[in-house]
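Structure first, then comments.
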């Protein structure tokens with residue numbers, strides 16, 4: 001059975017991340033899921049320290065069976081996969097991320113180390129996905145699964161908190177409690 005990997009900055013984790021994991025676990029029949037909180041993301045700036053994001057992510061996924069959360073010290077996916085050497089790894093990502101996959105560090109090596117599982121969701125055209133697949137040497141290593149639309153982003157959550165607006169229902173309850181208790185994102189950009 002395959003092991004799913006879901007990586008991200010998770011600043012903060014939200015219900016879309018959890019729904020992505022649930023859909024992948026159910027439709028791909030994954031044995032387990034490893035959620036990797038990227039400590040020092042090379043592609044975007046994190047507003048919260050890695051250990052805080054790790055704790056928020058642990059809280060977000062604590063009710064999802066067969067799921068473990070780890071802090072990933074690797075900046076790039078290929079380096080993380082090289083170190084872990086998981087026999088049947090399935091790296092989970094959204095359709096929008098597949099469109100940019102050819103820009104990742106060593107995308108062909110990533111496909112050698114793991115199959116990609118792409119969440120098909122509204123807002124990303126089939127043509128864009130087909131174009132992204134044709135740019136890769138091993139398109140047969142790409143799986144797809146359906147996911148309901150969850151129109152929320154971590155940046156939107158940070159902005160809402162900074163404006164004093166509610167984020168109830170946008171993040172898991174235990175994540176909401178931690179954000180409020182720790183006073184996170186009140187000065188977000």
Here are the criteria: (1) touching a helix residue (DSSP H, G or I) at 6+ places or on another chain (Cβ under 9 Å); (2) modelled with pLDDT of 90 or more; (3) under 18 Å from residue 18 (Cβ atoms). Tell me which single one residue 182 does not satisfy.
(3)
Among the residues of segment 146-169, what is the count of those that are surrounded by fewer than 19 Cβ atoms within 10 Å (Cβ to Cβ) and in a loop (DSSP other than H, G, I, E, B)?
11
Selection from segment 1-40 of residues part of a loop (DSSP other than H, G, I, E, B) and surrounded by fewer than 21 Cβ atoms within 10 Å (Cβ to Cβ) yields 1, 2, 29, 31, 39, 40
Let me spell it out: the conditions are (1) under 13 Å from the mean Cα position of the chain (by Cα); (2) farther than 26 Å from residue 133 by Cα; (3) in contact (Cβ under 8 Å) with a residue 60 or more places away in the chain, and residue 90 meets all of them except one. Which number is the exception?
(2)
Please find, within segment 41-56, the residue that is surrounded by the most Cβ atoms within 10 Å (Cβ to Cβ) out of those that are at pLDDT below 90 and either more than 13 Å from residue 8 (Cα to Cα) or within 14 Å of the chain's Cα centre (by Cα) (or both).
41
Tell me which residues, restricted to segment 4-31, are more than 17 Å from residue 185 (Cβ to Cβ) and touching a helix residue (DSSP H, G or I) at 6+ places or on another chain (Cβ under 9 Å).
4, 5, 6, 7, 18, 21, 30
Given the conditions (1) in contact (Cβ under 8 Å) with a residue 24 or more places away in the chain; (2) more than 24 Å from residue 177 (Cβ to Cβ), report the number of the one that residue 10 does not fulfil.
(2)
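The values are calculated or read from the model by the stated rules, or taken from the named source; none is laboratory data. These numbers were taken from a predicted model, which means no experiment stands behind them. Here the Cβ is made from the backbone with ideal geometry for all residues, glycine too, and neighbour counts use every protein chain on show.
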